[in-house]
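Chemist: What follows is a single structure, and I will ask about it in a moment.
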Amino acid sequence: MTKPDLSDRPRIRFLTTTDYPPFNFLDARGRLTGFNVDLVRDICAELDILARCQIEALPFADLIPAMKKGDGEAIVAGLAMNAETRREFAFSQPYFRYPARFVIRKDRPLAAPVADHLGTKVVGVTKGSAHEALLRAFFPTAKVQPFANRLDALAGMREGKVDAYFGDGVSLSFWLESDASNGCCHFAGGPFLSDRYLGEGLSVAVAHKDSALASAIDYAIAQLVSKGRMSELMLRYFPISAF
């Protein structure tokens, strides 16, 4: 694929937020940083427009109004892709998808493939969550134990009340590295992806009429993947790979 030519654009402003770590946040010195911020810089470098790229942080509620006023060319802040937003924006291909993962106690191993060995296992899950629905649909033999919230479920697993927990792999990767886990557990099986239950992931949103920019971003992301740069970003911002 030929590299897109964006030389006619005087600037490209990417809008993001400061409150979605590890994707967008302020570091100890108050500087905007995160996975999305570094990704934007790499996209711009790949497209030879780094000198004309700008990244601005706004409250999430202000992102769409800012785009509608022409105060930005792209949003990189986890804007949901649904029927309403697709009427107003064009989206790049997803650059990050949220995987569901099983976490198990190290002293209670779960053989692979996990789907074949859940019949005797009690699996904790957050009650009413998308992960509960996915667990019941994909793993009907599991003995599901709903908990009022994620922290109670993880505490239950750590204390041996359940054999496993099924939930968001990203947040679980941080929990596994935290003092809260006390080194009890690790991932087993997966990752498990589902547009129906977990959404389509993270994409860059641009003005609906600006499909050329969305295509250029797709090109850049494909290049970053092929060069291993996306893997480097994952290792930088996630202590244990969610994948």
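Chemist: With the radius of gyration and the Kirkwood radius both derived from the Cα set of the range 59-117, what is their ratio Rg to Rh?
Modeler: Ratio value, two decimals: 1.27.
Chemist: In addition: Give the residue list of trypsin sites (Lys or Arg not before Pro) in the range 162-243 that are DSSP loop and have at most 12 other beta-carbon atoms within 10 angstrom.
Modeler: Here the sparse-neighbourhood loop sites are Lys209, Lys227.
Chemist: Starting from the 7 Å offset along Cα-to-Cβ, what nm value, one decimal, do you get for the label separation of Asn182 and Lys161?
Modeler: 1.4 nm
Chemist: Express in nm, to one decimal, how much length is gained between Arg13 and Lys106 on full extension, taking 0.36 nm for each residue of separation and deducting their alpha carbon distance.
Modeler: Gain in length upon complete extension: 28.8 nm.
Chemist: Further question on the same structure: Quick check: Cα centre of the range 201-223 to Cα centre of the range 109-184, how many Å?
Modeler: If you average the Cα positions of each part, the centres end up 35 Å apart.
Chemist: Okay, next question. Which order, highest average first, do 181-194, 162-175 follow once you tally other Cβ atoms within 10 Å for each residue and take the mean per peptide?
Modeler: The peptides rank, most packed first, as 162-175, 181-194.
Chemist: Next question, about the same structure. Extension gain Thr120-Ala222, at 0.36 nm per residue separation less the Cα-Cα distance, in nm?
Modeler: Taking 0.36 nm per residue and subtracting the Cα distance, the gain is 32.5 nm.
Chemist: Let me check against my output: what whole-number percent is the relative contact order of the range 1-143, with C-alpha pairs under 8 Å and at least 6 apart?
Modeler: Rounded, it is 21 percent for the range 1-143.
Chemist: A further question on this structure: Write down the Kirkwood hydrodynamic radius of the chain, to one decimal in angstroms, obtained as one divided by the mean of 1/r over all alpha carbon pairs.
Modeler: 19.6 Å
Chemist: Taking Cα pairs under 8 Å and at least six residues apart, what relative contact order does the range 100-197 come out at, in percent?
Modeler: Worked out over the range 100-197, it gives 44 percent.
Chemist: What ranking do 114-125, 137-148 get when scored by the average of other Cβ atoms within 10 Å per residue, highest first?
Modeler: Highest mean packing first, the order is 114-125, 137-148.
Chemist: Take the Cα pairs of the range 1-122, get the Kirkwood Rh, then feed it into Stokes-Einstein at 10 °C and 1.306 mPa s and tell me D in µm²/s.
Modeler: Result for D is 91 µm²/s.
Laboratory data are not the source of any read-out in this text; all were calculated from the coordinates shown. This is a predicted model, so every value here is computed, not measured. Using ideal geometry, Cβ is built from the backbone for each residue, glycine included, and neighbour counts are taken over all protein chains shown.
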